[in-house]
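Please read the structure below before turning to the comments.
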Amino acid sequence: MSRKQIHSSLQPFFLSLSITLLYVLLVVVVMEIMGIELTIFTAVIGAGSVAAGLALSGTLQNFAGGVLILMLKPFTLDDNIVAQGVDGVVTAIEVFYTEVLTTDNKAVIIPNGKLFNEVIINVTREGKRRLDIDLKLTYVIDVEQVKLIIANAIKQTPDILTERVPCIGISALEIDGIKISTQVWVLTNKYISVKFALQERIIKDLKAAGIKLPGT
């Protein structure tokens, strides 16, 4: 199992299961050699298996989900995922459950059965994220001036990736104003810090240029 890189959480289970099955096989073989009738024994084992399956259906589903997660690796430790309405960093992947730590420091335990059977968004895997910022302004503003101000704010904000050209434009025309959208690319682990810094710089630069903002 180590050579095949089977996850360390699964190895003890598979080892225990193998030993148990070998013991059962040994008992059956010995009874067969001794000429003991196996019909009653088989019926008892069958009934016990059905009862155990019904009693542990939820647990077995969680176990199956855990095995698939550990083998297929839709996410790994320290990945930021969004699943079951939870957004956070994976801190533990166990056979029956996965533990996620949210940004406000809440430890959330998610059963693997539910987790694997629903949509999982892996925020970390690609390493980069697109940051979208929407700004609503009145129709009297000079759109080209606003775009230049935002472009300059982007240049002045650190940790924005330069290999992808920022996109700035009018994304919607609404009754009470124009919606201008800005799209830039950042490293996943810099997403929040860049978002706060860029928004703050855009607002300051617009005010400094005399652009009237909603509510002012």
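From the phi angles alone, apply the Karplus equation (6.51, -1.76, 1.60; θ = phi - 60°) to the stretch 126-132 and give each ³J(HN,Hα) in whole Hz, x where the residue is Gly or Pro.
6, x, 9, 9, 8, 9, 10
Take the residue pairs LYS128/LYS179; LYS155/LYS212; LYS136/LYS207 and return only those whose Cα atoms are more than 19 Å apart.
From the list (LYS128/LYS179; LYS155/LYS212; LYS136/LYS207), the Cα-Cα distance tops 19 Å for LYS128/LYS179; LYS155/LYS212.
For THR98, what residues show an amide H to amide H distance below 5 Å, using hydrogens built from the backbone and excluding near sequence neighbours?
HN-HN under 5 Å from THR98: ILE110, ASN112.
Which semi-axis lengths, in whole Å and largest first, follow from the square roots of five times the eigenvalues of the Cα gyration tensor of the stretch 126-165?
24, 13, 8
Could you work out how far apart the two model spin labels at LYS207 and LEU101 are, taking each label as a point 7 Å from the Cα in the direction of the beta carbon, and quote it in nm?
3.5 nm
Dividing the Cα convex hull volume of the stretch 139-216 by residue count, how many Å³ per residue is that?
Values: hull volume 7.8 nm³, N = 78.
That works out to 100 Å³ per residue.
Where a number appears in this text, it was derived from the coordinates with a stated rule and is not lab data. Here the structure is a predicted model, which means the values were calculated and not measured. Here the Cβ is made from the backbone with ideal geometry for all residues, glycine too, and neighbour counts use every protein chain on show.
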